Amino acid sequence: MWRKAAAGAALALTMSGCSPEAPPTPPAAPAAPAAPAAPASTTSAASTAAPTATATSAPAVAWQVGARPLPRRPDGFGEVEPTPPELVNRALPTKDVLPPPAGSAYASTISAVPADVLARSTWQPACPVKAADLRYLTMSFWGFDGRAHTGEMLVNATAATGITKVFGQLFAARFPLEELRVTSPAELTAPPTGDGNSTSAFVCRPARGQTTWSAHAYGLAVDVNPFCNPYTQGDLVLPELASAYVGRSRERPGMVLAGDATVRAFAAIGWSWGGNWRSPTDRMHFTATGH
């Protein structure tokens, strides 16, 4: 959901994984917009029940996402720095974009994209997908704070039903997400801060260094917890402060691992995982196109 332009970055990817398409990492999530009117749902599901959440108090926020821009590398990305101690075992609370769900059952909706949501997204007439061919999803998810939240996402209409099923399985497994929201235009040009962790799908931008559009620009790719599942190629780590999550031997909440429930859920709808790629390795990236 850290997708910004970094002039001069030229990674040879065509329809590639999210990170090189959208460097550097985004600033703090924008102030929560007024909740849009409940969309006229074409799909609504509340049948995937999860165990009742244990009431927890919101943890103290020890890190402000997006507060410190990073110096830029010659390739336009931010300088890769050691992971700050506060983020080595990342568990930041979620800022609600939409009202949280009632109860502990998974709920989702699929609708045409409301005008106000389209206006705050990265869609523009030059995008390779028509606005009418996108769908606006709302989906329940568990935060790292142990609370149930409602997130939002723009995806291609052909993928909408499958994606709601995937996130229903993640909810049932209590797989935590820090943020689930629509990417804003300001995030595309924001300076790199290396600490973004928003799960998102549609972002209208070409693949980095290419004239072709990315899979995200069609609404056919999803990035899951980018900080917990970083992109790597050579000495580049994206987000730039996520080096502590490059090694996968020590499992922490929010990580995607080979063969786990997240990989299996996306595979069930025919999507592949960038964590299986050798170079680059895009651990956050799931795609319907293979790129």
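The values are calculated or read from the model by the stated rules, or taken from the named source; none is laboratory data. Keep in mind the model is a prediction, meaning the values are calculated, not measured. Backbone-built Cβ (ideal geometry, glycine too); neighbour counts: all protein chains shown. With ligands, DNA and RNA removed, areas are computed over all heavy atoms of the protein, side chains included. Shrake-Rupley method; radii C 1.70, N 1.55, O 1.52, S 1.80 Å.
Descriptive notes on the structure:
- Lone qualifier among Phe286, Phe202, Phe227 - being among the hydrophobic types (A, V, I, L, M, F, W, C), open to solvent by less than 20 Å² (accessible area, probe 1.4 Å) and in a strand (DSSP E or B): Phe286
- Evaluation of Ala102 against the conditions (1) buried (at least 16 other Cβ atoms within 10 Å of the Cβ); (2) closer than 19 Å to Leu180 by Cα; (3) of a type in the set (A, V, I, L, M) shows that the sole unmet condition is (1).
- Residue satisfying all of: in segment 243-264; in contact with a strand residue (DSSP E or B) (Cβ under 9 Å, 6 or more places away or on another chain) and of a type in the set (A, V, I, L, M); surrounded by the fewest Cβ atoms within 10 Å (Cβ to Cβ) among these: Ala258
- Of the set (1) buried (at least 19 other Cβ atoms within 10 Å of the Cβ); (2) under 17 Å from the mean Cα position of the chain (by Cα), all apply to Thr109 but (2).
- Remark: pairs (first residue in segment 64-90, farther than 18 Å from Gly234 by Cβ and outside any loop (DSSP other than H, G, I, E, B); second residue modelled with pLDDT of 95 or more and of a type in the set (Asp, Glu); Cβ separation under 9 Å; 6+ apart in sequence or on different chains) = Leu87/Asp195.
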